[in-house]
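The values are calculated or read from the model by the stated rules, or taken from the named source; none is laboratory data. The shown structure was predicted, so the numbers you read here are calculated from the model rather than taken from an experiment. Positions of Cβ are backbone-derived with ideal geometry, glycine not excepted, and every protein chain shown enters the neighbour counts.
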Amino acid sequence: MFDLLPYNTFGLDVKAKEGIIIKQVEELALIKETKTLFLGQGSDVLFVSDYDGLAVINAIGGMDIVKIDNHYEVRAGGGLILDDFIKSLLTYGIFGLENLSAIPGTVGAAPVQNIGAYGCEIGDYITEVEVYDLDTKRLFTLSHDECQFGYRTSLFKEQKHLRYFITHVNFSFDAQFSPNLIYPGLKDEELKDAMSIRNRVISLRERKLPDPRFVGNAGSFFKNPLVDLKTLEKIRAKFPDVPVFSQDDGTYKLAAGYLIDKAGCRGITHGHAGTWEHQALVIVNRGQAKPHEIVSLAQYVAAEVEKLFEIKLIPEVRIIGKDGEISWDQI
Ligand code: EPU
């Protein structure tokens with residue numbers, strides 16, 4: 001058995017049948033097992049049981065930087081810790097990812113969810129993703145468009161691409177610094193350089209989000225739901241201050257944390273699971289929680305939100321069962 005406790009930030013005591021830590025691309029060719037699960041730090045997964053297959057841990061490092069005209073091209077190993085990577089970029093004077101500071105996880109996991117925060121999405125900076133397909137034993141490169149980045153999603157989440165192991169991610173950054181200060185907490189004239197934006201983001205995160213080194217969690221548990229105008233108006237009639245973000249496709253994104261909060265579920269505790277006092281969208285392990293306790297807390301929260309708002313929340317975290325990823329309805 002392979003211990004998954006260090007590879008899931010929820011801090012659940014779960015195991016895989018086997019595990020392998022990949023430091024070099026060549027090692028991937030040795031994998032024979034057909035049931036595999038790729039993990040970095042496991043910062044966006046919820047194990048609902050032990051995993052009956054091979055956990056493949058991405059520990060491929062390395063970072064190459066080339067400056068071409070007015071931009072930097074950077075190739076980074078999928079196993080690098082994302083925040084270490086962002087910090088290194090800033091020390092080299094390369095800007096763009098500072099708004100994503102302190103997000104747990106690895107470089108290789110970042111494109112899968114197209115992680116985003118504080119007005120920035122990583123997919124906007126990714127030019128290519130290099131993958132090894134465990135089925136065909138081929139290394140190849142996907143272009144930005146082929147990755148199909150969307151809100152917390154990409155091609156890498158599709159069932160037929162679950163055997164694409166991300167070895168390296170390629171980025172392009174403008175040499176000219178242009179701060180992204182659209183998020184309300186970043187509208188501040190003192191934020192003139194990337195390092196001060198990074199520091200502000202870190203302090204915003206510290207105020208709102210639990211640090212998984214101390215309190216098990218996987219960040220936002222649910223996605224922010226998209227609704228049509230009719231639903232929005234109905235909700236606004238009762239909750240005029242509901243935070244809303246208009247989308248290009250005519251839909252409206254609502255803050256799931258607000259809905260959960262209004263449904264009376266901020267800071268609650270059921271058994272060893274709960275929601276975070278300062279951000280209701282984060283489900284936490286209050287210590288020694290079992291997978292089923294996290295699941296039933298999440299189901300309770302979703303049911304309370306549905307009762308009040310008639311909106312079905314969908315998890316943002318990926319749910320992993322005995323045989324691999326499962327959908328919320330399959331639990
Ligand atoms: N809100 C409440 N009560 C709560 C939580 C939030 O009223 O308990 C309100 C806030 O006051 C704010 C709004 O809801 O007006 C939005 O909250 P916040 O700014 O914290 O952002 P979010 O939409 O809840 C998203 C991402 C986070 C990211 C933040 C900042 C998703 C699912 N989550 O959260 O990402 O850090 O924006 O950009 O898109 C993650 O993905 O793991 C994650 C933490």
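Structural remarks
- Of residues in the stretch 254-269 being more than 8 Å from the ligand (Cβ to nearest atom) and surrounded by 16 or more Cβ atoms within 10 Å (Cβ to Cβ), the one farthest from Arg236 (Cα to Cα): Ile268
- Qualifying residue in the stretch 12-24 (condition: touching a Lys or Arg at 6+ places or on another chain (Cβ under 7 Å) and crowded, with 23+ Cβ neighbours inside 10 Å): no
- Reported count of residues in the stretch 261-274, each being out of contact with any Phe, Trp or Tyr (no Cβ under 8 Å at 6 or more places or on another chain) and in contact (Cβ under 8 Å) with a residue 40 or more places away in the chain, is 1.
- Looking only at the stretch 205-232, and only at residues there that are among the charged types (D, E, K, R) and within 11 Å of the ligand (Cβ to nearest atom), the one that is nearest to Leu297 (Cα to Cα): Lys223
- Screening Val284 with (1) within 19 Å of the chain's Cα centre (by Cα); (2) more than 16 Å from the ligand (Cβ to nearest atom); (3) crowded, with 17+ Cβ neighbours inside 10 Å gives one miss only, at (2).
- Matching option when the condition is without any contact (Cβ under 8 Å) to a residue 24 or more places away in the chain and hydrophobic (A, V, I, L, M, F, W, C), among Phe85, Phe95: Phe85
- Filter result for Tyr118 (crowded, with 21+ Cβ neighbours inside 10 Å, within 16 Å of the ligand (Cβ to nearest atom), at pLDDT 95 or above and more than 11 Å from the chain's Cα centre (by Cα)): yes
- Looking only at residues of the stretch 121-148 that are closer than 21 Å to Ala29 by Cα and of a type in the set (A, V, I, L, M, F, W, C), we find that the one that is nearest to the ligand (Cβ to nearest atom) is Val129.
- Search result, residues across the stretch 158-198 that are assigned to a loop (DSSP other than H, G, I, E, B) and within 16 Å of the ligand (Cβ to nearest atom): Pro179, Asn180, Leu181, Ile182, Tyr183, Lys187, Asp188, Leu191
- Number of the condition not met by Pro212 [criteria: (1) more than 30 Å from Tyr7 (Cβ to Cβ); (2) outside the structural domain of Gly116 (by TED's automatic domain parsing)]: (1)
- Residue under evaluation Glu190, criteria (1) out of contact with any Gly (no Cβ under 8 Å at 6 or more places or on another chain); (2) surrounded by 12 or more Cβ atoms within 10 Å (Cβ to Cβ), criterion not met: (2)
- The set of residues in the stretch 233-253 that are within 15 Å of the ligand (Cβ to nearest atom), over 25 Å from the mean Cα position of the chain (by Cα) and not basic (Lys, Arg) comprises Ile235, Phe239, Pro240, Asp241.
- Any hit, the stretch 289-305, residues being touching a Gly at 6+ places or on another chain (Cβ under 7 Å) and over 18 Å from Gly11 (Cβ atoms): yes
- Inside the stretch 36-83, residues that are under 20 Å from the mean Cα position of the chain (by Cα), outside any strand (DSSP E or B) and surrounded by fewer than 22 Cβ atoms within 10 Å (Cβ to Cβ) make up a count of 5.
- Evaluation of Val284 against (1) modelled with pLDDT under 95; (2) assigned to a strand (DSSP E or B); (3) not small (Gly, Ala, Ser) (one fails), failing number: (1)
- Number of the condition not met by Ile202 [criteria: (1) closer than 22 Å to Ala303 by Cα; (2) more than 10 Å from the ligand (Cβ to nearest atom); (3) β-branched (Val, Ile, Thr)]: (1)
- All positions within the stretch 218-246 that are in a loop (DSSP other than H, G, I, E, B) and either farther than 29 Å from Ala109 by Cα or hydroxyl-bearing (Ser, Thr, Tyr) (or both): Asp228, Phe239, Pro240, Asp241, Val242
- Unique residue being under 19 Å from Phe165 (Cα atoms) and either among the polar types (S, T, N, Q) or in contact (Cβ under 8 Å) with a residue 12 or more places away in the chain (or both) when the list is Ala102, Ala109: Ala109
- First in the stretch 226-249 and small (Gly, Ala, Ser), second anywhere and within 14 Å of the ligand (Cβ to nearest atom), Cβ under 6 Å, 6 or more apart: Ser246/Tyr252
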